[in-house]
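Peer 1: A single structure is presented below for examination.
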Amino acid sequence: MVLQSQRQLDEILSGELLKEYKTVHAMIKIYCAKHHGVLHGLCEECAELSEYAKTKLDRCVFGQNKPTCNRCPVHCYRPKPKETMRAVMRFSGPRMLFKHPLLAIRHLRHEKKGVPEVPKQNVSNRHLRKQAKSEKQ
């Protein structure tokens, strides 16, 4: 089952977006373990948040050039998931250095990158994936 979900994830996200998702998912797992007592996997609420994050990454207008969310000029999260994600990041951020040091360092380096201008249109991962699929047919 883990292999199947990883394969499905790789079909949806790739490159920088996949790395970003892995970082966010790791943060959610740390938060869920401490706040909801789930040792393996995620509780329903955290699984929904992880899925929401994946959808938002897939539809990000910056595509592969996406800045970190806290530096992004486009705020795409709805208010409730945004507050939940803030709480997750506040709690898990410092703990990431111990649990997932490579993801944490990569995320900190990524935060230092400049923020690109908002693209005109049609550069989201979802749009490019659908375009490539239609070209194959």
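The values are calculated or read from the model by the stated rules, or taken from the named source; none is laboratory data. Please read these numbers as outputs of a predicted model, since none were measured by experiment. Note that each Cβ is placed from the backbone with ideal geometry, even for glycine, and that neighbours are counted across all protein chains shown. Please note that ligands, DNA and RNA were not included when accessible areas were found on the heavy atoms of the full protein model with its side chains. Shrake-Rupley method; radii C 1.70, N 1.55, O 1.52, S 1.80 Å.
Peer 1: So which residue, out of ILE105, ILE28, ILE12, gets the largest mean-square fluctuation from a GNM of the chain using Cα contacts under 10 Å as springs?
Peer 2: Comparing ILE105, ILE28, ILE12 in a Gaussian network model of the chain, the most mobile one is ILE105.
Peer 1: Return one number: the angle in degrees, 0 to 90 and rounded to the nearest 10, between the long axis of the Cα atoms of helix 44-58 and the longest principal axis of the Cα atoms of the chain.
Peer 2: 30 degrees
Peer 1: Quick one: if the Förster radius is 22 Å, what FRET efficiency do HIS110 and SER14 give, using the C-beta to C-beta distance and rounding to 0.05?
Peer 2: Working: r = 16 Å, r/R0 = 0.73.
After rounding to 0.05, the efficiency reads 0.85.
Peer 1: Mind checking which of CYS43, PRO116, PHE91 is farthest towards the positive end of the chain's charge dipole, using Cβ charges of +1 (Lys, Arg) and -1 (Asp, Glu) about the Cα centre?
Peer 2: Projecting each Cα onto the dipole axis, the largest value belongs to PRO116.
Peer 1: I would also like to ask the following. Using a 10 angstrom cutoff on alpha carbons, build the Gaussian network for the chain and name the most mobile of LYS22, LYS112, LYS82.
Peer 2: Highest fluctuation of the listed residues: LYS112.
Peer 1: Okay, moving on. How far is it, in nm, from the label point at ARG90 to the one at VAL118 when both lie 7 Å from their Cα along the line to the Cβ?
Peer 2: That separation, rounded to one decimal, is 2.7 nm.
Peer 1: Note down the magnitude of the dipole of the chain about its Cα centre, charges +1 on Lys and Arg C-beta and -1 on Asp and Glu C-beta and zero elsewhere, to the nearest 20 debye.
Peer 2: Details: 27 positive and 13 negative charges, 66 e Å.
Dipole of the chain, to the nearest 20 debye: 320 debye.
Peer 1: Within the chain, what whole-number % of the accessible surface is contributed by carbon and sulfur, with the 1.4 Å probe and all protein chains included in the calculation? Could the numbers behind the result be given before it?
Peer 2: On the way: 5150 of 9370 Å².
Solvent-exposed carbon and sulfur of the chain make up 55 percent of the total.
Peer 1: Just to verify a number: what accessible area does VAL123 come out at with the full protein assembly present, 1.4 Å probe, Å² rounded to tens?
Peer 2: About 50 Å², rounded to the nearest 10.
Peer 1: Same structure, new question: Considering the chain, which cysteines have no disulfide-compatible partner, defined as another cysteine with its Cβ under 4.7 Å away?
Peer 2: CYS43, CYS60, CYS69, CYS72, CYS76
Peer 1: For Cα pairs less than 8 Å apart in space and 6+ apart in sequence, what is the mean separation divided by the residue count of the range 13-127, i.e. the relative contact order in percent?
Peer 2: Values: 106 pairs, mean separation 45.9, N = 115.
Normalised by residue count, the contact order of the range 13-127 is 40 percent.
Peer 1: Using alpha carbons only, how many degrees (0 to 90, rounded to 10) separate the axis of helix 101-111 from the longest principal axis of the chain?
Peer 2: 50 degrees
Peer 1: Using a probe radius of 1.4 Å on heavy atoms only, what accessible surface per residue do you get for the chain? Whole Å² is fine.
Peer 2: On the way: 9370 Å² over 137 residues.
I get 68 Å² per residue for the chain.
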